[in-house]
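Peer 1: One structure, as structure tokens, below. Some questions next.
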Amino acid sequence: DGRSFSLDANGNPVEIPNSQKTSVGRVEIEVLPLNDRPQFNTSSLLVSTQEDSGENEFDSFAFNITAGPISAVDEIDPVTGQKVAFTVDPLSFTAGEAALFFDELPSITPDGDLRFTPAPDAFGDFLFEVVLVDDGPDNEALGHFNSSIPVTLTISVEPVNDPPTFVAGGPVTIDEDS
């Protein structure tokens, strides 16, 4: 069983009367897979911790992590499918300022665990762009997308009332009757 169709020089279908048809050919059409966007969910995009809290770890911060939709079996197969990794980039400070706010910048494992360590005495709200990237092709013009839609993560480091400190100076000498 076959289909008859004709294409112009640009690949557009055209109607040709039967009397003008001169040859018959065989055309094979191969439908190639596209790289779908990776996907993930989070329970919250706001994470809070205390100033001077040391290393923070939030297991399963991200979940339902896939290299594409469930229908994209070529991308999500655990053996032959694509590998994924998260990128976490600061939005509220530059890379050069990172050490002022974090001893260890936030990172998310491929399994979805979030880790970071605020710098000592640093506090405030810090914004990060989180993107899940797969190792498939990335060419939007051809319909390939290897990165998820970015989301903004806010890490709120709450200030702690530090006890006052005093540094004793050297001996003080005062003249009598001064």
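The values are calculated or read from the model by the stated rules, or taken from the named source; none is laboratory data. In this text, all values refer to a predicted model and were calculated from it rather than measured experimentally. So basically every Cβ, Gly included, is an ideal-geometry build from the backbone, and we count neighbours across all protein chains shown. Quick note on the areas: whole protein, heavy atoms, side chains included, nothing else; ligands and nucleic acids left out. Shrake-Rupley method; radii C 1.70, N 1.55, O 1.52, S 1.80 Å.
Peer 1: Could you tell me how many of the residues in region 71-108 are open to solvent by 70 Å² or more (accessible area, probe 1.4 Å), outside any loop (DSSP other than H, G, I, E, B) and either in contact with a Pro (Cβ under 6 Å, 6 or more places away or on another chain) or closer than 26 Å to GLU51 by Cβ (or both)?
Peer 2: So the count comes out to 9.
Peer 1: Have a look at PHE145, PHE128 and point out the one that is more than 15 Å from VAL47 (Cα to Cα), open to solvent by less than 80 Å² (accessible area, probe 1.4 Å) and of a type outside the set (S, T, N, Q).
Peer 2: PHE145
Peer 1: Testing ALA72 on (1) among the aliphatic types (A, V, I, L, M); (2) out of contact with any Lys or Arg (no Cβ under 8 Å at 6 or more places or on another chain); (3) modelled with pLDDT of 85 or more, one condition comes back false. Which one is that?
Peer 2: Unmet for ALA72, out of (1) among the aliphatic types (A, V, I, L, M); (2) out of contact with any Lys or Arg (no Cβ under 8 Å at 6 or more places or on another chain); (3) modelled with pLDDT of 85 or more: (3).
Peer 1: A further question follows. Please work out which residue is modelled with the lowest pLDDT, limiting yourself to region 123-166 and to residues that are assigned to a strand (DSSP E or B) and polar (S, T, N, Q).
Peer 2: Here the residue is ASN139.
Peer 1: Let me ask something else. Which one is nearest to SER148 (Cα to Cα), of the residues in region 28-70 that are exposed (fewer than 14 other Cβ atoms within 10 Å of the Cβ), among the charged types (D, E, K, R) and touching a residue at least 12 places away in the same chain (Cβ under 8 Å)?
Peer 2: Here the answer is ASP59.
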